[in-house]
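Report on the structure given below.
The values are calculated or read from the model by the stated rules, or taken from the named source; none is laboratory data. Nothing here was measured: the structure is a model prediction, and the numbers come from that model. Please note: Cβ atoms are built from the backbone with ideal geometry, for glycine as well, and neighbour counts cover all protein chains shown. SASA here: full protein model, heavy atoms, side chains in, ligands and nucleic acids out. Shrake-Rupley method; radii C 1.70, N 1.55, O 1.52, S 1.80 Å.
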There are 2 protein chains.
Amino acid sequence: MPQTGGARRRVGRPAAAVLDQAGITAAALRLIGKDGYDGLTMAALARSLHVAPSALYNHVESKRDVLLLVEDHLTALVDVTAFAAEPWESAVRKWAWSYRDVFAEHTPLIPVIAVLPVTDAPQTLAMYETVSAGFRAAGFPEERIVSAIVALESFIFGSAYDVTAPADIFDSGSMAESTPSFTGAVRSLAALGHEKPADVAFSLGLEALIAGFGALRE
Amino acid sequence: MPQTGGARRRVGRPAAAVLDQAGITAAALRLIGKDGYDGLTMAALARSLHVAPSALYNHVESKRDVLLLVEDHLTALVDVTAFAAEPWESAVRKWAWSYRDVFAEHTPLIPVIAVLPVTDAPQTLAMYETVSAGFRAAGFPEERIVSAIVALESFIFGSAYDVTAPADIFDSGSMAESTPSFTGAVRSLAALGHEKPADVAFSLGLEALIAGFGALRE
DNA sequence: CTAATAAATGAATGGCATTCATTTAGTGGT
DNA sequence: ACCACTAAATGAATGCCATTCATTTATTAG
């Protein structure tokens, strides 16, 4: 049943197409924003588009395809503008923070992205092109560009998960006495009173990577 | 139906308990080794233990619990021995490679680990204790220890995904002409003929992090 | 001895992605 | 103008999944 309220569409091809990939992507994003990734089911997606679930399969091959559409849409939101206007260090810094922030809200996509051939994701490919051109212009040896980007990306994806971790993730509970070193370190960090510990760790790692990679430039 | 062949157990509590958490963990690991994480279903797990699926719920609360048991078991396999015997740099290096190697085979656990309160995972907590003690002994300022470990872990988790990526992940296909910088960088890396590009990126990032963090020591 | 608890079975339950037969509408070729 | 083909919708399965529950039997605590 495509619609609960309102006149339901009669069987057969409608005069004007109801669905397309852009509409499916937009509906998926709305759904994710409202109910999270648990709420993103093919049935719910169909319902939000006033369509039967099977109709979706005329436009995507699988749910993974939907996630791919979402991923590519989100990648286009990552800010790469600094590569055209700023020195390499600050361009990388802005890109990395933006990249992490976008996907921290969408960690269920990370397993999809990580093994996604870039051919299937034009916006993602476009991001890589801009970033690698930035590295090249900054004097990076060509054969290290991809490895450096991959390393940064790995750090970014891992850090995106970290953003979603519960605040008390390092509470050692009843084991505190048997883990004095770790418990002390956790308390000592907490004493600094940072609002977002994930940001501190991300900044620390990112600056180390930027400094280390910066030294590779010729 | 608990068993397909053989005499099936009659209804009611058996004289000796059939299941316990250690047995469930071992069976889950066998199953994952044989059929991967897709093959790890509560039904398959029960079948491999000659038990009805519902019997599992006397020993774990949910499938997530099973993944947690597996995760904690695997963490115990991560090599932290170098922290007792070697300089900080090489200890971190060995730990990080070992950690990545263990979880590269188990990437579906990463979303679970990333948000897992350490209270629920004693082996994981033990690893943190050893590692943080190593950082402390190496002269790390206490309030930076946790952030540095988190940053390294983020990089490690992201890199574990990278290991599983298909070899042709960066093949830009028909878009090659419109992405000259990226395509050139990919070709240039390929020309080096490394067997495992993921290892090159991991090494590059890890050495940058070690160098950057090493400078924090007092 | 008896009540409570623990550990098993087996039969649901509801949700999920996906497939398929069917219907209807547009399209390209002769 | 006709006809075959393709595209896009419906609605009814299908099979798998994690989880729950009533029931049975055995052990354990008081």
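Out of B:Gly173, B:Gly134, B:Gly158, I need the residue that is within 30 Å of B:Thr81 (Cα to Cα) and at the interface with chain A (Cβ under 7 Å from one of its Cβ atoms). Which one?
B:Gly158
Looking at segment B:52-71, which of its residues are more than 8 Å from DNA strand D (Cβ to nearest atom) and among the polar types (S, T, N, Q)?
B:Asn58
Any residue in segment A:53-70 that is aliphatic (A, V, I, L, M), in a loop (DSSP other than H, G, I, E, B) and touching a residue at least 40 places away in the same chain (Cβ under 8 Å)?
Within segment A:53-70, not a single residue is aliphatic (A, V, I, L, M), in a loop (DSSP other than H, G, I, E, B) and touching a residue at least 40 places away in the same chain (Cβ under 8 Å).
Test each condition in (1) without any contact (Cβ under 8 Å) to a residue 60 or more places away in the chain; (2) more than 8 Å from chain A (Cβ to nearest Cβ) for B:Glu143 and report the one that comes out false.
(2)
Do we have any residue at all in segment A:188-196 that's buried (at least 18 other Cβ atoms within 10 Å of the Cβ), within 7 Å of chain B (Cβ to nearest Cβ) and not hydrophobic (A, V, I, L, M, F, W, C)?
no
Tell me yes or no: at least one residue of segment B:107-129 is surrounded by fewer than 21 Cβ atoms within 10 Å (Cβ to Cβ) and farther than 25 Å from A:Ala190 by Cα.
Taking every residue of segment B:107-129 in turn, at least one turns out to be surrounded by fewer than 21 Cβ atoms within 10 Å (Cβ to Cβ) and farther than 25 Å from A:Ala190 by Cα.
Can you tell which of A:Val115, A:Val150, A:Val102 is free of Cβ contacts under 8 Å to residues at least 40 places away in the same chain and more than 9 Å from chain B (Cβ to nearest Cβ)?
A:Val102
How many of the residues making up segment B:47-56 are closer than 11 Å to B:Ile24 by Cβ and more than 7 Å from DNA strand C (Cβ to nearest atom)? Steps first, please.
So in segment B:47-56, the residues closer than 11 Å to B:Ile24 by Cβ come out as B:48-49, B:51, B:55-56.
Next, from what is left, pick out any that are more than 7 Å from DNA strand C (Cβ to nearest atom): B:48-49, B:56.
Number of matching residues: 3.
Would you pick out the residues in segment B:165-186 that are of a type in the set (Phe, Trp, Tyr) and open to solvent by less than 20 Å² (accessible area, probe 1.4 Å)?
Of everything in segment B:165-186, just one residue is of a type in the set (Phe, Trp, Tyr) and open to solvent by less than 20 Å² (accessible area, probe 1.4 Å), namely B:Phe182.
Identify, please: which residue in segment A:13-46 is outside any helix (DSSP H, G or I) and more than 13 Å from DNA strand C (Cβ to nearest atom) and is, among those, farthest from A:Asp120 (Cα to Cα)?
A:Leu19
Being loosely packed, with under 12 Cβ neighbours inside 10 Å and touching a helix residue (DSSP H, G or I) at 6+ places or on another chain (Cβ under 9 Å) narrows it down to one of B:Ala27, B:Ala84, so name that one.
The match here is B:Ala84.
More than 27 Å from A:Val163 (Cβ to Cβ) and over 22 Å from the mean Cα position of the chain (by Cα): does that describe B:Phe170? Lay out the reasoning, then the answer.
Details: more than 27 Å from A:Val163 (Cβ to Cβ): no; over 22 Å from the mean Cα position of the chain (by Cα): yes.
Here the answer is no, as B:Phe170 does not meet what is asked.
Rundown of residues vs (1) modelled with pLDDT under 95; (2) closer than 16 Å to A:Trp97 by Cα; (3) not assigned by TED's automatic domain parsing to the domain that holds A:Phe103, yes/no style:
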residue: A:Pro122; (1), (2), (3): yes, no, no
residue: A:Ser147; (1), (2), (3): no, no, no
residue: A:Gly158; (1), (2), (3): no, yes, no
residue: A:Ala176; (1), (2), (3): yes, no, no
residue: A:Ser181; (1), (2), (3): no, no, no
residue: A:Leu192; (1), (2), (3): no, no, no
residue: A:Glu195; (1), (2), (3): yes, no, no
residue: A:Phe202; (1), (2), (3): no, yes, no
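Looking at A:Leu49, A:Leu40, A:Leu19, A:Leu74, which one is away from chain B (no Cβ under 14 Å), within 14 Å of DNA strand D (Cβ to nearest atom) and open to solvent by less than 20 Å² (accessible area, probe 1.4 Å)?
Testing whether each residue is away from chain B (no Cβ under 14 Å), within 14 Å of DNA strand D (Cβ to nearest atom) and open to solvent by less than 20 Å² (accessible area, probe 1.4 Å) leaves just A:Leu19.
Considering segment A:118-136 alone, what residues qualify as being more than 16 Å from the chain's Cα centre (by Cα) and free of Cβ contacts under 8 Å to residues at least 12 places away in the same chain?
Within segment A:118-136, A:Thr119, A:Glu129, A:Arg136 meet the criteria.
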